[in-house]
């Protein structure tokens, strides 16, 4: 089975866009709702083009373009996207005009660009890619579904490169609804954010490779019955969790980790990137950067849950960041596991 590498990742989020500066100097927020910091789109689109695209489409195109450029791939074998809400802003605009103006003389652009698969399709058009193109819209596990699809195809030899994206926007109206329903904007909860992440996966390791994807697994049901035959738990150095500050939700994470991964230090990422349906993409992004840089920033550590990791040799003690498992769960029923390793780590026989 071929090894799969992440050769580039780009993001637009609540942190400074299209850079990894957050790793050393993150932007902190006390608000409960934060929209993404957009780059100057005038550098990437002509005015007559930009006016036709909503924010999520412009963000998706820019991060995808940058991920392709950095990985030296011009035409990927697959474009696979995960999104929970799709183009929700265009949907809202179209429905609002429909209510206010009736069904006559409506601009069709917002309607045509309101579907979930618009994102992958537009990326393919701009990249002139006529290969495999699909979108996963499965709420909180959308990104992991897209990532697993790419991994399986790469491992089977069906493709050699895959552009995997995670894209979601949070409009003020939708945030208000979710806040009233108790899903976002609660006391001590991390801020509601937006996602625009694109990563290039290939079966070739290069100098630019951030890390290696060892495995992606999804599981439904009682997590205690989950068994990862291909995962050596004793080798895991850190667990990257999707904790978000809500006591009840975080307790599920801690209890499950105690059962499955005792005595392994825990990390977090939503305190920096916020909460959204496809926020787990930021967990993978943060873990990949930790493996690339060989260190863990203090703000990613969950201090109350940080314990000294067990080591098996002097070499392992000197190289403490070798394998990170990203664990996310939804309602304690849908569980996802993404295992990343250092690109130079040799698998055990």
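For the reader, a short list of remarks on this structure follows.
- Some residue of the range 117-125 being touching a helix residue (DSSP H, G or I) at 6+ places or on another chain (Cβ under 6 Å) and buried (at least 24 other Cβ atoms within 10 Å of the Cβ): yes
- Number of positions in the range 103-116 that are more than 22 Å from residue 147 (Cβ to Cβ) and surrounded by 15 or more Cβ atoms within 10 Å (Cβ to Cβ): 5
- Condition met for residue 282 (at pLDDT 95 or above, surrounded by fewer than 23 Cβ atoms within 10 Å (Cβ to Cβ), in a helix (DSSP H, G or I) and not assigned by TED's automatic domain parsing to the domain that holds residue 36): no
- Of everything in the range 243-279 that is surrounded by fewer than 20 Cβ atoms within 10 Å (Cβ to Cβ) and at positive phi, the residue that is modelled with the lowest pLDDT is 263.
- Top-ranked residue in the range 75-102 [being at pLDDT 90 or above and part of a loop (DSSP other than H, G, I, E, B); ranked as surrounded by the most Cβ atoms within 10 Å (Cβ to Cβ)]: 83
- Residue within the range 55-63 that is free of Cβ contacts under 8 Å to residues at least 40 places away in the same chain and in the same structural domain as residue 36 (by TED's automatic domain parsing) present: yes
- If the condition is being out of contact with any helix residue (DSSP H, G or I) (no Cβ under 7 Å at 6 or more places or on another chain), within 17 Å of residue 83 (Cβ to Cβ) and modelled with pLDDT under 95, then the range 5-62 contributes only 53.
The values are calculated or read from the model by the stated rules, or taken from the named source; none is laboratory data. Quick caveat: nothing in here was measured; it's all calculated off a predicted structure. For neighbour counting, all protein chains shown are included, and Cβ atoms are generated from backbone atoms with ideal geometry for every residue, glycine included.
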